[in-house]
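The values are calculated or read from the model by the stated rules, or taken from the named source; none is laboratory data. These figures come from a predicted structure and were not determined experimentally. Here Cβ is always computed from backbone atoms with ideal geometry, including for glycine, and neighbour counts include all displayed protein chains.
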Amino acid sequence: MNKDVIYRTISAKETAHLDIQPQGSKQAEAFVNAFLKNSLPRLSAEQIQTHLHRKAVILEHVLKRRKKQKRRKAKCLSAKERRELRIFELKPEEQRYELFLPLHELWKQYIRDLCNGFKPDMQTQTIQTKLMKADFHGAIVTVIPKQDSIFSVEIDGFVSYIYGSKFQLRSSERSAKKFKGKGSIDL
């Protein structure tokens, strides 16, 4: 391959099209040699020149080894630290009844969707089963104190009673649990 072909000068039309500054052949030759020396670090200058006489030049990619940095997990606060920082304490002005009414409206819509609407022909046993597995954040709950607690929940005129022994699990645990078909009071 001819050395002049590799280092030929780019025409003014090509430089305008490529949006580059035209360079002389010596600058181009110096750039190509520096580029090849950097791209082929394992080869000497003579070996690089022999590569240039071939039809294809394969450039090596040198990977720089990076030191692996261990990612540290963000440390969560313990329950004691949360209590000391009083993260979950609400100020008295944040405990007003009116502030929780929108949450109650969301809860009512959740229960309607869960029970597929309250229709007169629905079996109360089906509704009771779904209510026992529901989440009650946002519900207005009436507690009737007796030997065992009984919770009553009213939505759209339908009143449901849930025994405390069936209700003492978290909602996530209740949703996976199977309850007896008959409502019974554990004594």
**OP:** Could you grab me the full set of residues in the range 138-155 that are in contact (Cβ under 8 Å) with a residue 24 or more places away in the chain and surrounded by 11 or more Cβ atoms within 10 Å (Cβ to Cβ)?
**Re:** 138, 139, 140, 148, 155
Subject >> Hits in the range 103-133 - residues which are in contact with a strand residue (DSSP E or B) (Cβ under 9 Å, 6 or more places away or on another chain), assigned to a helix (DSSP H, G or I) and modelled with pLDDT under 85 >> reply: 124, 127, 128, 131, 132
Subject >> Sole residue being at pLDDT 75 or above and in contact with a strand residue (DSSP E or B) (Cβ under 9 Å, 6 or more places away or on another chain), chosen from 100, 31, 136, 88 >> reply: 136
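Every residue, every condition in (1) in a helix (DSSP H, G or I); (2) of a type in the set (Ser, Thr, Tyr); (3) at pLDDT 75 or above, yes or no:
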{"position": "5", "(1), (2), (3)": "yes, no, no"}
{"position": "41", "(1), (2), (3)": "no, no, yes"}
{"position": "76", "(1), (2), (3)": "no, no, yes"}
{"position": "83", "(1), (2), (3)": "yes, no, yes"}
Original post:
Filter the range 149-187 for residues that are in the same structural domain as residue 132 (by TED's automatic domain parsing) and of a type in the set (Val, Ile, Thr); which is modelled with the lowest pLDDT?
Top reply: 162
